[in-house]
Every structure is written in structure tokens, then in C-alpha cells.
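S.K.: Quick one: this structure, given as C-alpha cells, is what I'll be asking you about.
The values are calculated or read from the model by the stated rules, or taken from the named source; none is laboratory data. Bear in mind the structure is a predicted one, so any value in this text is a computation, not a measurement. Calculation scope for accessible area: heavy atoms of the full protein, side chains included, ligands and nucleic acids excluded. Shrake-Rupley method; radii C 1.70, N 1.55, O 1.52, S 1.80 Å.
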Amino acid sequence: MRLQTFALLISGLTTAGLALAGCAGGGYSPALGGGKPQALAGGAGGAIGGITGDAGKVALLLPLSGADAGLGGAMRDAAALALAPAGSPELDVRDTAGVPADAARAAAQAIAAGDAMILGPLTAGETLAVATPARAARVPVLAFTSDPKAAQPGVWTLGLTPEAQVRRLVAAARAEGRSRFVALLPESGYGHLMAQALERACAEAGLAAPGIHFHGTSMASMNALVREVSDYANRRGPIEKQIREARAKGDRKTANDLAKQPIPPPPFDAVLLADTGEQLAELSSLLPYYDVDAPAVRLLGPALWAQPSARAGAALKGAWYAAPDPAARAAFVAAYSAKYGNAPPPLADLAYDAASLARVVAHEGGARGGALTAGSGFVGADGLLVLQPDGRVRRGLAVFSLDGKIVAPAPTHVGEAGS
């Protein structure tokens, strides 16, 4: 599946954010922490905080034709909802058709028209194409992709990234006393992004470097990997030796008792997975076979696991995933539904929050000011957002068990675990 649209499979599990650097090395010094996050809500009604006056224009680049035209139209509506209050910036909507060259052309036209910010485009390819003219003109881009490779100073990725999910999972696992992480990941672009996220999260948490391992698509390759990484031969070996010795002596009772004895736990206490579907079912079936299971080991996985179809048939006892709390999204869903007569699709949250941020920055120093980099962050449609100078977005995600229950609530302030 395309990385930049994997969040389409997660109903309502998207967040948005932006940080502005203008150009590399330019302009501001955000400090994390302090103060109450600023709420972005209010797009359904009157002016926010008494804001009035001309706030200029912001561009919105979306696929309004082509395969994703329906999604593009819904995201346009969400952005318009956020900019409904009096004194908000004018929305300059331009069609990209989902084509990088068209997105670059639309960005150039928006810049020439004097638009102060660019909201969108949707995909990583379009974002990379837009980045060149936007950075040259020092116009910030609030892109809707979840691909962290598109993030750079002046270009911020707003989608639900692997890094945001993994950071929250590591924090939650640490809170229950786990500190030895490994990853069993597919040999794919997404698998490597999850690996990088785990390495970074462990380093930030002061933990030992995690063991990173990739597997192929065959059952044989997964079996060999799980057996090796779990150190099964050395864990089981001493007991097998005792069983053989007991049998050699004709002591069946001792041999049978030894066969029932649990073996020592593996040399790790948390495992990050990223597979879905049939491949996840196959990989997960090997974990209990090699005694890699709860409670000794906590299984951690992507927000995609929120969809039962993504984990159908998998053996994931005690597994967790991180995602926005759906309760946080309720106000946005209600406002959108009241305005347009239907619920917003996934990713509409991104356009709503991006436009809300554009509204805020227009009245707090302008697009080249420091409003977006407030250390206390913002509360968007899906919870806490903290905007970073390198294009990354820290966010408050909840941790869920597979039955959908929250096992660790989403942080609401900067500095809380996982924020």
C-alpha cells in the first residue's frame, strides 16, 4: 500500500500540524513545554478570540479531479469550515489532480498570487514537487502526507507518521517497566520507517539500541527469524537435555514434568511489528510457538491494527497500538456533519487543523512569525499537536488494546509521556 495514504484505512485516526522555518536555519527557536496548549476549535461559528480584519489568503492544494476527487472535495469542505469565522484568511483552492507536476504548477501560481501559506498537497510525491518553489519563496507548506521523508524545514508533514505512533508505544511500554525492545518488520519501505522510528524513540528515551530485524514474505524466512531472534535453541536447550537424560534413565514422570516446564523468557520484553493481513497472521502464529508471548513480552503494532480486517486471524495476545483518541474527534465530526449533512471521511481532519493553524498564525505574527512553534503546542481535531522546526509533529496519541479499550490515555500537555 502507498505509505502516504495508509491512514485512509484508519477511520478518524489522523492528526494535523505544522511548524515554520521559512528556510533552513531561519527564524525562530521553539522551546518545548510550558503553558496550556492552544485550542484550534471554533471553525463552526463566529470569530475566535475577537479576531477581525483582513488576514490575507492561503492556498489549498487538493485533488479535485481524478481518482481522489471525492476525498479532495471533503477536505476542501473541512478547510472551509475551519475558516468560517470572521476575519479568517481567504481560501485559494487549486486542483492538483493528484499529479506532482500539476501540484508544483498550482503552488507556483498560488505564490505568484501572494498566498501566505500552502495547505496540502495530499501525497508525498506532490509534496516533494511543491517544496522547491515554496521554499524558494519562503512560503510554508502544511502537507497532508504521512511520509516523513517529505518533511523538511518549511515543509511539514501532517499525517499520522510511524514516528508518532512508535514514540507513544515506547513511552507506554516503559511505563510498565519494559526496556528491551526488538522489531520484527517486513522488508519494505514502511518496515524501514518503523525501524527508524523505534531507533529514534529508544535513543530519545535513553534506552539501549533496539534489535532491528527484517523478514521476507515466506513462512520459512519468518520462522527462521523468530527462532533466531528469540534465542529459542539456547532457552529450550537445557530443558531438552534434562528430558533426554530422564528418558535415558527410564524416568518417564520426570521427563513429562520437564516437558511441561516453561522455558526462560526471550532476551527482550517488547516487540514492534508492522505487518497486516495474512502475513501478520503467519508471523504472529510463530511467536507463541517460540514462547514469545504475554506477559513476558508486550507486542506493539501500527495504528492500522485499529481495523479488525488488518489483523484478522492473527495471534496477538496482549498487543497494543497507538492512535488518536476518537473521543477527541467528536466535536469536529459534529460540526462537519451539521454543516454538510454527512460525517467527514478520514484525512478531513488534516485539512481542518491545517486551516485552523493558518487562521491562528495569520493573527499572531503572520506566516513568518513564531506563532506555530509555541512550545505549549495546540489542541486540534484529534488532540495535542506540537510543531517542530524540522517538519515533524509531536502529538498526543492514546494507546489501545485490540478490543479498542484505552490502556494509556493521550497526553494533553507537552512533557507528558509520549507527547
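S.K.: Whole-Hz ³J(HN,Hα) for each residue in region 292-303, computed from phi via Karplus 6.51 cos²θ - 1.76 cosθ + 1.60 with θ = phi - 60°, x for glycine and proline: what do you get?
M.R.: 10, 7, 5, x, 5, 10, 9, 8, 10, x, x, 4
S.K.: To continue, here is another question. With respect to the cross-link table entries Lys36/Lys405; Lys36/Lys149; Lys260/Lys317, which display a Cα-Cα separation exceeding 25 Å?
M.R.: Lys36/Lys405; Lys36/Lys149
S.K.: Among Thr161, Thr412, what's the order by accessible area (1.4 angstrom probe), most exposed first?
M.R.: Final ranking, largest accessible area leading: Thr412, Thr161.
S.K.: Expected output is a single nm value to one decimal: the length gained when fully extending between Ala209 and Ile239, i.e. 0.36 nm times separation in residues minus the C-alpha distance. What is it?
M.R.: 7.8 nm
S.K.: Suppose accessible area is computed on protein heavy atoms with a 1.4 Å probe; arrange Met219, Met194 from highest to lowest.
M.R.: Result of the area sort, largest leading: Met219, Met194.
S.K.: Compute the angle between helix 162-175 and the longest alpha-carbon principal axis of the chain, please, reported from 0 to 90 degrees and rounded to the nearest 10.
M.R.: 50
S.K.: Which ³J(HN,Hα) values, rounded to whole Hz and listed in residue order, are derived for region 352-357 from phi using the Karplus coefficients 6.51, -1.76 and 1.60 in 6.51 cos²θ - 1.76 cosθ + 1.60 with θ = phi - 60°, glycine and proline given as x?
M.R.: 4, 5, 4, 5, 4, 5
S.K.: Quick check for you: with a 1.4 Å probe and neighbouring chains kept, what is the accessible area per residue of region 97-180, in Å²?
M.R.: Per-residue value: 30 Å².
S.K.: As I understand it, the value is the acute angle between the Cα axis of helix 189-204 and the longest principal axis of the Cα atoms of the chain; what does it come to in degrees, rounded to 10?
M.R.: Computed tilt is about 90 degrees.
S.K.: Another question, if that's okay. Which cross-chain or sequence-distant (5 or more) residues have an amide H under 5 Å from the amide H of Ser179, H modelled 1.01 Å from N in plane?
M.R.: Under 5 Å from the amide H of Ser179: Asp269.
S.K.: Please list 3J(HN,Hα) in residue order for region 61-75, calculated via the Karplus relation 6.51 cos²θ - 1.76 cosθ + 1.60 where θ = phi - 60°; whole Hz, with x for glycine and proline.
M.R.: Listing the rounded values in order: 9, 9, x, 9, 9, x, 5, 9, 4, x, 5, x, x, 5, 5 Hz.
S.K.: For Thr254 and Val333 in one chain, what is 0.36 nm times their gap in residues minus the Cα-Cα distance, to one decimal in nm?
M.R.: Stretched fully, the Thr254-Val333 segment lengthens by 22.2 nm.
S.K.: Now a separate question. Keeping all protein chains in place and using 1.4 angstrom, which order do Glu278, Glu416, Glu187 fall into by accessible surface area, from largest down?
M.R.: Glu278, Glu187, Glu416
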